[in-house]
1. Of the numbered conditions (1) of a type in the set (A, V, I, L, M); (2) assigned to a loop (DSSP other than H, G, I, E, B); (3) under 25 Å from W435 (Cα atoms), A141 fails exactly one; give the number of that condition.
2. How many residues are out of contact with any helix residue (DSSP H, G or I) (no Cβ under 7 Å at 6 or more places or on another chain), part of a helix (DSSP H, G or I) and loosely packed, with under 15 Cβ neighbours inside 10 Å when one looks only at segment 275-294?
3. So which of A377, A460 is out of contact with any Asp or Glu (no Cβ under 7 Å at 6 or more places or on another chain), surrounded by fewer than 16 Cβ atoms within 10 Å (Cβ to Cβ) and not charged (D, E, K, R)?
4. How many residues does segment 94-115 hold that are among the polar types (S, T, N, Q) and either at pLDDT below 95 or within 17 Å of the chain's Cα centre (by Cα) (or both)?
5. Regarding segment 308-328, can at least one residue be identified that is assigned to a strand (DSSP E or B) and either aliphatic (A, V, I, L, M) or modelled with pLDDT under 95 (or both)?
6. What pairs can you find where one residue is in segment 30-56 and closer than 22 Å to L308 by Cα, the other is acidic (D, E), and their Cβ atoms are less than 9 Å apart, with a gap of 6+ or different chains?
7. Filtering segment 450-472 down to residues that are within 25 Å of the chain's Cα centre (by Cα) and not in a loop (DSSP other than H, G, I, E, B), which residue is nearest to A348 (Cα to Cα)?
8. Would segment 8-29 turn up any residue that is among the aliphatic types (A, V, I, L, M) and in contact with a Ser or Thr (Cβ under 8 Å, 6 or more places away or on another chain)?
Amino acid sequence: MVRLAGTELDAAGAAFLKANRVRGVCLFRQNMVDAAQLARLTSDLRAVMGPEALIALDQEGGAVVRSTWVPAPPSAMALGAADDPQLARDVGAAVARAVKALGFNWNFAPVLDLNNNPHNPVIAERSFGADPRRATELAMAWMEGSHSEGVACCVKHFPGHGDTSVDSHRDLPTVDKPLAELEQFEFAPFRMAAPHAPAMMTAHIVYPTLDAEFPATMSRRILTGLLREEWDYRGVIITDAMDMHAIAHRYGAGHAAVMALAAGADMVMALGTPAIQEETIAAIAAAIDAGTLSAQDVAARLQRLSELARRYPCQPRGYLEECGDRALMAEAWRRALTVRGDACRPAAGARVRLVVRQDVVSDGVSEAGVPAAALAASLGRLYDVDTVTYRDAERFDWSTLPADGRFTFLASTSRLRYGPNARANWHPDLHLALWNPYQALDIEAPALITYGFAAPALDAVNAWLAGDLEACGCSPVAGFQEVQSAAFP
């Protein structure tokens, strides 16, 4: 599977796909302008790759979405807070209706990682929660909804990325736990999902209990020994992006791809430059010629990919349900809304102060956070808003805010946890935790938690502030029920 650079399939790109019989493409925000353009691009890709094309994207919900103009799905943890499997199924179906109409047949979701590490820099609200059984029930309901609309899911990141404090996009994490603990926690959702999930994505993480040398993506003990043989998994195994630092900076793209396939993966995701994609293809071809990858194993892998494409064909259809789906997504965001502590609402028309980070750019995994001006405008529908922005939380001096009686909102619009300066010195009247819910543990103040910053999440915040909505969500991870927390210095 490869990525493309632009918003259209040019002659060189088409020739590359044809010449190398590439059967999978993953598209990102940089490949998308609007529905008409994207439908043309996926149509061109189908014409080149044929009836067994696999055209994929990451449309998880929350901050990890690629098509941003379709109805905005809540994050997994928002659905965990709402705790309703039928709602999760309905949301999964609505996500699939939108991406199916745009020409996709494979969605790299839902996330099965159990987030029990508050300092996880890349999962957080992407997880349905910390309880293995309940999180899996919600994720499987979401997946059932997607499959009912003809879009294959790919659960990730096997065998579990939740308890890490390192982002594998940037370095190689390790999860060093006894096997019994891994089986009860990290492994449990994937094992429960194995009979139902048509595909699993591997994690670039070392699990020393199983394989002290190689990350799961390149570990035969994990991909073949555990997943295929012990769990009898029959679906497709696809690697996470092989250009991530955890892999690319240690092994080299071509060598790593061959090792992943030898370990048991069916498809490698070569998302780097065209040169890296050529290197990967050449290394795989050489491994087949040398017998490192046997013809029998290659045939079995191709068969699994063909079965996936035939079961979930790339056949877009018209999108007629948009109005209903927007209302559904809005309701899901509203039901997720969670209060921590004794939160007060300023009266309508009150003079308030909004303290918020300057605009947040994309980190390469998630979409860009809500701009400060957009949030100020949203709150401005209810209040007289004075906005104060900061560039660096560790350097922002809270004591410089005027003591003029304004009710002070702190809005958290990035995934980054707060450091010692904010923890010790920031004292808002109300903390709007609009992305990473764990940030509510950093600031000693009541909090309103949304698990995401999409427009319907901001509308839900306003509805609560106006007294038109109660926050009935319950955080599906530990630490949010207490008014005070050990996280407070």
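The values are calculated or read from the model by the stated rules, or taken from the named source; none is laboratory data. The structure presented is a predicted model; accordingly, all values stated were derived computationally and were not measured. Here the Cβ is made from the backbone with ideal geometry for all residues, glycine too, and neighbour counts use every protein chain on show.
1. Here A141 clears every test but (2).
2. Number of matching residues: 5.
3. From the options A377, A460, the qualifying one is A377.
4. So the answer is 2.
5. The answer is no, given that none of the residues of segment 308-328 is assigned to a strand (DSSP E or B) and either aliphatic (A, V, I, L, M) or modelled with pLDDT under 95 (or both).
6. Taking only residues 6 or more apart or on different chains, the pairs are L41/E8; D44/E8.
7. This residue is V461.
8. Within segment 8-29, one or more residues are among the aliphatic types (A, V, I, L, M) and in contact with a Ser or Thr (Cβ under 8 Å, 6 or more places away or on another chain).
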